[in-house]
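The values are calculated or read from the model by the stated rules, or taken from the named source; none is laboratory data. From a predicted model like this one, the values you see are computed outputs, not experimental measurements. Positions of Cβ are generated from backbone atoms using ideal geometry, with glycine treated the same way; all protein chains shown enter the neighbour counts. Ligands, DNA and RNA are excluded from the accessible area calculation, which covers all protein heavy atoms including side chains. Shrake-Rupley method; radii C 1.70, N 1.55, O 1.52, S 1.80 Å.
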Amino acid sequence: MANWVANHWLSVLVLVTWLGLNVFLFTHAFLSYEKGDKYYYTREILGSALAWARASARCLNFNSMLILLPMCRNLLSFLRGTCSFCRCTLRKQLDHNLTFHKLVAYMICLHTAIHITAHLFNFERYSRSLQATDGSLASVLSNLSHQEAEGDSWLNPIQSPNMTVLHMTFTSIPGFTGVIITIVLVLMVTSSVEFIRRSYFEVFWYTHHIFIIYFIGLGIHGIGGIVRGQTEESIKESHPHTCAEFFEKWDDHDSHCKRPQFEGNSAESWKWILAPGVLYIFERILRFYRSQQQVMITKVVMHPSKVLELQMIKRGFSMEVGQYIFVNCPSISSLEWHPFTLTSAPEEDFFSIHIRAAGDWTENLITAFEQQHSPFPRIEVDGPFGTVSEDVFRYEVAMLVGAGIGVTPFASILKSIWYKFRHADHNLKTQTIYFYWICRETGAFAWFNDLLASLEQEMEELGKVGFLNFRLFLTGWDSNIAGHAALNFDKATDILTGLKHKTFFGRPMWDNEFSTIATTHPKSVVGVFLCGPQSLAKSLRKCCHQYSSLDPRKVQFYFNKENF
């Protein structure tokens, strides 16, 4: 537990601050509507449901203000650049942008449910108090008419006993926009579950972009002023605490209590979302401008296991290791943009990506390049954007863990290492790198086999054999492969990859790996970088906590995961 706190104290602080602000805003709004004199008469009709509805609305506005900020990728890249000299603990918070985005979305869903439930009670009580014939204060307040000379005298938006709650919902601006917002929110949330995102990315992509409707609806949701309170002048003239009990004499000329006047609340949501909305619009304009710059494809390579490599050049393009770009192919879909990690090194005069067939869009793209050799289909590129892998050279020891195509960010890092040693870069802080690549099939190793072989040879020639340690694991094999490997185990090179580092069959025993590294580097700071599934992330995160020493002078493991 102590190790976990030491590694995540800043994340906990951010999370507690966010939750604290939600609690504060909810409590402040709740007490304002539950205890305030302005809404004394409104509470006579609606009861505590009024406060529940308004408090949840305040938190909805707050979280709607926040939800776009983690998606401003250029802003995050800028902050990462300005924090280049900050501690890794501070910079790592920027890599939790998607996690924070999801947490904010869950909070919006929670307060949406509270808001809808409370307003269902409100509409029902509006209808019931209008139909009441008992002469109660709620009945009198509900029958204050819209048509009277004092235009602000009404309190109940339902003005006819024949008007149903359903009719009120679809004919009022707050009601209709509320229905639209709720439908949009349900579509976005349900299409964001991991199964849909992984298997039907197009569904996720298109439904998520109806967030525009959500924000437009939210901005005008409060127009109409259905929730009303007593005006300040009316409170001074006829304070509810002294005049409420004399409601039967409000119309008497000699009464000191006059009929109260009411006013609707002005729309507030737009004030909350205006600034982040403008910021996000600038973000999209910048991304659109960059995406329109010409991209020239210089080389196309088809690798085994249906993996396409594209090498490209673009004027003014500058990258760092581990970064990613968004790619669009207008001939397939002019609206869909998909993220891909860059596999080239900053030292190269081109940038490259590797694309594995994993859905309709990627399959169509690979097919298009297989069938059309010249000219190639037009590609648009937006980025690059920063990721946690940019920090890899800040650590003395680095563990790079890639699963399948998740090896791509580490290909960029390994290439950059090759160039750094070639150019005798003496500023390299990293002393040892452990590279783990877990694949289901042997063909996957061919994607970067030449790179790994070159690195292995380079390290041997420079006398740096211990600097780069390969750990290649094959999780899917048959008896023929295993038998062939066993017969040739004594050979100098591996039969599957041709490397001097042997391929292991099965999955890594992470406890053994972490224990060995902790023993070998007892006083080092070890950065653990993963591009792979959540199940693997859970195991690595656990090991990082378990094998980190509480003594800051001894070995420390810091977990970092690619998120985009």
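In region 460-481, what count of residues is obtained for those that are modelled with pLDDT of 75 or more and in a helix (DSSP H, G or I)?
Summing the residues that are modelled with pLDDT of 75 or more and in a helix (DSSP H, G or I) in region 460-481 gives 1.
Before we move on, is Ser291 surrounded by 15 or more Cβ atoms within 10 Å (Cβ to Cβ) and touching a residue at least 40 places away in the same chain (Cβ under 8 Å)?
Numbers: surrounded by 15 or more Cβ atoms within 10 Å (Cβ to Cβ): yes; touching a residue at least 40 places away in the same chain (Cβ under 8 Å): yes.
In short, yes.
Take region 537-548 and flag every residue that is surrounded by 15 or more Cβ atoms within 10 Å (Cβ to Cβ) and without any contact (Cβ under 8 Å) to a residue 24 or more places away in the chain.
Arg541, Lys542
Confirm whether Ser191 is free of Cβ contacts under 8 Å to residues at least 40 places away in the same chain, crowded, with 16+ Cβ neighbours inside 10 Å and within 21 Å of the chain's Cα centre (by Cα).
yes
So, restricting to strands (runs of 3 or more DSSP E) that lie completely within region 327-446, which ones have at least 1 residues that are outside the structural domain of Arg197 (by the TED database) and under 20 Å from His303 (Cα atoms)? Can you show your working first?
On the way: elements: 338-341, 351-356, 380-385, 397-403, 432-439.
Answer list for region 327-446: 338-341, 351-356, 397-403, 432-439.
Could you grab the pairs with beta carbons closer than 6 Å, sequence gap of 6+ or different chains, first residue in region 254-275 and under 19 Å from Glu44 (Cβ atoms), second one among the β-branched types (Val, Ile, Thr)?
Pairs found: Gln261/Thr231; Glu263/Thr231; Asn265/Val227.
Does region 429-447 include one or more residues that are among the hydroxyl-bearing types (Ser, Thr, Tyr) and without any contact (Cβ under 8 Å) to a residue 24 or more places away in the chain?
So far as region 429-447 goes, no, none of its residues is among the hydroxyl-bearing types (Ser, Thr, Tyr) and without any contact (Cβ under 8 Å) to a residue 24 or more places away in the chain.
Among the residues of region 111-125 satisfying the criterion of being under 19 Å from Pro161 (Cα atoms) and free of Cβ contacts under 8 Å to residues at least 60 places away in the same chain, which is surrounded by the most Cβ atoms within 10 Å (Cβ to Cβ)? Let's see the steps before the verdict.
To start, the set of residues in region 111-125 that are under 19 Å from Pro161 (Cα atoms) comprises 119-125.
The next check asks that each one be free of Cβ contacts under 8 Å to residues at least 60 places away in the same chain; those that pass are 120, 123-124.
Values: Leu120: 14, Phe123: 22, Glu124: 13.
Per the criteria, the residue is Phe123.
Could you tell me whether Lys299 is open to solvent by 80 Å² or more (accessible area, probe 1.4 Å) and not small (Gly, Ala, Ser)?
Values: open to solvent by 80 Å² or more (accessible area, probe 1.4 Å): yes; not small (Gly, Ala, Ser): yes.
Criteria met by Lys299.
Hey, could you check region 384-400 for residues that are open to solvent by less than 10 Å² (accessible area, probe 1.4 Å) and small (Gly, Ala, Ser) and say which is modelled with the highest pLDDT?
Restricting to residues being open to solvent by less than 10 Å² (accessible area, probe 1.4 Å) and small (Gly, Ala, Ser), the top hit is Ala398.
Can you pull out every residue in region 262-294 that is part of a helix (DSSP H, G or I) and among the hydrophobic types (A, V, I, L, M, F, W, C)?
The answer is Trp270, Trp272, Ile273, Leu274, Ala275, Val278, Leu279, Ile281, Phe282, Ile285, Leu286, Phe288.
With Leu94, Leu98 as the choices, which residue is open to solvent by less than 50 Å² (accessible area, probe 1.4 Å), at pLDDT below 90 and out of contact with any Phe, Trp or Tyr (no Cβ under 9 Å at 6 or more places or on another chain)?
Details: Leu98 fails: out of contact with any Phe, Trp or Tyr (no Cβ under 9 Å at 6 or more places or on another chain).
Testing whether each residue is open to solvent by less than 50 Å² (accessible area, probe 1.4 Å), at pLDDT below 90 and out of contact with any Phe, Trp or Tyr (no Cβ under 9 Å at 6 or more places or on another chain) leaves just Leu94.
Do we have any residue at all in region 281-288 that's under 30 Å from Gln371 (Cα atoms) and either at pLDDT 90 or above or loosely packed, with under 13 Cβ neighbours inside 10 Å (or both)?
Taking every residue of region 281-288 in turn, at least one turns out to be under 30 Å from Gln371 (Cα atoms) and either at pLDDT 90 or above or loosely packed, with under 13 Cβ neighbours inside 10 Å (or both).
Hey, among Leu536, Leu530, which residue is within 23 Å of the chain's Cα centre (by Cα) and part of a helix (DSSP H, G or I)?
Being within 23 Å of the chain's Cα centre (by Cα) and part of a helix (DSSP H, G or I) holds for just one of Leu536, Leu530, which is Leu536.
What is the residue count in region 236-261 for residues that are in a helix (DSSP H, G or I) and either open to solvent by less than 20 Å² (accessible area, probe 1.4 Å) or not assigned by the TED database to the domain that holds Tyr41 (or both)?
Within region 236-261, residues that are in a helix (DSSP H, G or I) and either open to solvent by less than 20 Å² (accessible area, probe 1.4 Å) or not assigned by the TED database to the domain that holds Tyr41 (or both) number 3.
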